[in-house]
Amino acid sequence: MQNITVDGSEYHSKAMENNTHLDFVIKHFRQGVFDPDRSIGQFWQAVGRGRIVRLRAVAGRIAAAAAVVAVVLAGLSVHLLRMNAWEETAESIVILPDRSTVYLRDGSTLAFQPRRFSKERVVRVDGTAYFEVARKDGASFEVRSDEAFVRVLGTKFQFDAVTGSVDVTEGRVLFAKACSEEGIILTKGKSASLVGGIPALRSPELVNPAYWATKTLVYEDTPIRQVLYELSEIFGRELILKHAKDSDLRLTGEFRVEDGLENILSIIESALGVKITVK
């Protein structure tokens, strides 16, 4: 190292110091003292190539396990989709897995989950349907639409998803607005519909609103004028009592729709001693 004095000050010469270092390197350099290939080999020896291979093997096993999990999850997803799949039908008569029978009016559809039905008896209706629900201990049966739902254990009733109404012919049902547990209990012969989204009792237009499904007409001390009105609606004929005084008479009886209007009127006339005009 060399110092230079300028104007009485002493400075250290960097250039001269660097030259000294360079001279040392040139003087002592020997071929092969620093070999890159050899150094890399020493690195692998120090780290351990076997450890790297093992790490790669572990990574491979992890990837394989992840692939297996992905396949299992995919299979589970498919299984769940199948379990939750809804099957829709427009058949006029549907026999459900629990042996309940559903009658669908023209243009109506029924949907349910076949794989879940044994655990959760739930169906959806679009249109009008009549149900003869099989009783199953501890298992309720639910009918749903966008607006309302009906819950039963075992009974017979008609559900109209279009008007949001229910007509019970046997047993009892809970009728409520969709997504609500608050409703009203209906028993045999009772009817209800949603009024402003609230279930309310109503008087059905017909004595036998589900005649299209049951094919049966049942009258219990029913006014004759009400009987004739229903028969007119069903058969499309105007029926008039010959004598107005007979309009207060009441009828108890059961008829089959397939018997035809003429046969039914003949029985009524004989039972009540009246004359009915058909137009």
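The values are calculated or read from the model by the stated rules, or taken from the named source; none is laboratory data. Bear in mind the structure is a predicted one, so any value in this text is a computation, not a measurement. Note that each Cβ is placed from the backbone with ideal geometry, even for glycine, and that neighbours are counted across all protein chains shown. Ligands, DNA and RNA are excluded from the accessible area calculation, which covers all protein heavy atoms including side chains. Shrake-Rupley method; radii C 1.70, N 1.55, O 1.52, S 1.80 Å.
Along each principal axis, taking the top coordinate minus the bottom one, the Cα set of segment 175-224 gives 38, 22, 18 Å in descending order. Atom-type composition of the exposed protein surface of segment 116-235 places 47 percent of the accessible area on carbon and sulfur (1.4 angstrom probe).
The residues of segment 80-142 expose on average 58 square angstrom of accessible surface per residue, using a 1.4 Å probe on protein heavy atoms. Using a cut-off of 29 Å between Cα atoms, the listed pairs 188/215; 188/275; 156/275; 136/177 include 188/275; 156/275 as exceeding that distance.
In what sequence, highest mean first, do 255-265, 163-173 appear when ranked by Cβ atoms within 10 angstrom?
163-173, 255-265
Compared with the direct C-alpha span, the chain from residue 256 to residue 162 gains 31.1 nm at full extension, assuming 0.36 nm per residue.
A simple spin-label model places the labels of residue 181 and residue 93 3.8 nm from each other, with each point 7 Å out along Cα-to-Cβ. The convex hull built on the alpha-carbon positions of segment 162-279 has an orientation-averaged projected area of 8.4 nm².
Sorted by mean Cβ packing within 10 Å, highest first, what order do the peptides 129-136, 103-110 take?
129-136, 103-110
Per residue, segment 148-200 exposes an accessible area of 46 Å² to a 1.4 Å probe, with every protein chain left in place.
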